[in-house]
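Report on the following structure.
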Amino acid sequence: MPIELFETVNSLVEEELSLYKSLATLVDSEEEKVDTFDMEGLLRVLEEKQTIISKQEVLLESWNKISSTLGLSEGREGPVFWNAIASSVGEKGYNQIVKHIDEIRELGQSLLDRECTIRGKLETNLAEMRKTLLTMGRNRVAMKGYSQGMASIY
């Protein structure tokens with residue numbers, strides 16, 4: 001079981017890391033779409049991100065199965081889970097898994113920070129777009145008023 005468990009857990013960790021790297025690429029694209037006011041492109045990127053997030057949710061179910069197999073009631077976020085993994089796969093295997101988990105955490109935090117920045121840009125861009133639309137609306141009203149005023153003169 002220890003070798004099987006290590007291979008299963010290591011595979012899940014590698015898959016999760018791959019999904020986070022895919023998200024990082026999509027976040028790059030998301031930022032570009034926000035910076036260029038490409039709202040249609042942004043929606044496509046958000047759909048792709050949702051696909052990745054759905055895969056992460058499926059992966060979470062696999063983690064829950066491992067927890068259940070180990071006879072644990074808590075998921076992988078708790079210390080009991082990781083203690084059980086460590087005692088089952090040995091120090092070398094555990095260290096390899098933890099290295100990937102740390103990489104995932106760092107990448108995840110980086111993505112959250114970037115998402116926050118992008119959200120701020122999007123909010124700023126939307127505010128600017130609203131201002132432009134309001135200005136255009138006022139200009140139309142002013143032009144209509146000017147045109148009506150000119151027509152009454154003649």
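Between Glu14 and Asp38, what length in nm is gained on full extension when 0.36 nm per residue of separation is reduced by their alpha carbon distance?
5.4 nm
Trp63: net charge of surrounding residues, Cβ under 10 Å, Lys/Arg +1, Asp/Glu -1, itself excluded?
The answer is -1.
In segment 2-111, how does Rg compare with the Kirkwood Rh, expressed as the Rg/Rh ratio over alpha carbon atoms?
Values: Rg = 16.6 Å, Rh = 15.3 Å.
With Rg and the Kirkwood Rh in hand, the quotient comes to 1.09.
At 7 Å along Cα-to-Cβ for each site, give me the label-to-label distance between Asn64 and Glu7 in nm.
Result: 2.6 nm between the two label points.
Explain nothing, just the number: relative contact order of segment 2-111, from Cα pairs under 8 Å at least 6 residues apart, as a whole percent.
That works out to 41 percent.
Do any of Lys99/Lys121; Lys55/Lys121; Lys55/Lys92; Lys65/Lys99; Lys21/Lys121 go past 24 Å between their Cα atoms, and which? Show your work: numbers first, answer last.
On the way: Lys99/Lys121 33 Å; Lys55/Lys121 27 Å; Lys55/Lys92 28 Å; Lys65/Lys99 22 Å; Lys21/Lys121 22 Å.
Flagged as over cut-off: Lys99/Lys121; Lys55/Lys121; Lys55/Lys92.
With N set to the residue count of segment 9-53, report its C-alpha Rg divided by 2.2 N^0.38 Å to two decimal places. Please report the intermediate quantities before stating the final value.
Details: Rg = 12.4 Å, N = 45, 2.2 N^0.38 = 9.3 Å.
Compactness ratio reported: 1.33.
Please list, in order along segment 6-23, the HN-Hα scalar couplings obtained from phi with the Karplus expression 6.51 cos²θ - 1.76 cosθ + 1.60 (θ = phi - 60°), rounded to whole Hz, x for Gly and Pro.
With the stated coefficients, segment 6-23 comes to 4, 4, 5, 5, 4, 4, 5, 5, 5, 5, 5, 4, 4, 5, 5, 5, 5, 4 Hz.
In debye, nearest 20: dipole of segment 2-111 around its Cα centre with unit charges on the Cβ of K, R (+) and D, E (-)?
440
Each reported figure results from applying straightforward, stated rules to the coordinates on display, with no laboratory input. In this text, all values refer to a predicted model and were calculated from it rather than measured experimentally. Ideal geometry is used to build each Cβ from the backbone, glycine not excepted, and the neighbour counts take in all protein chains shown.
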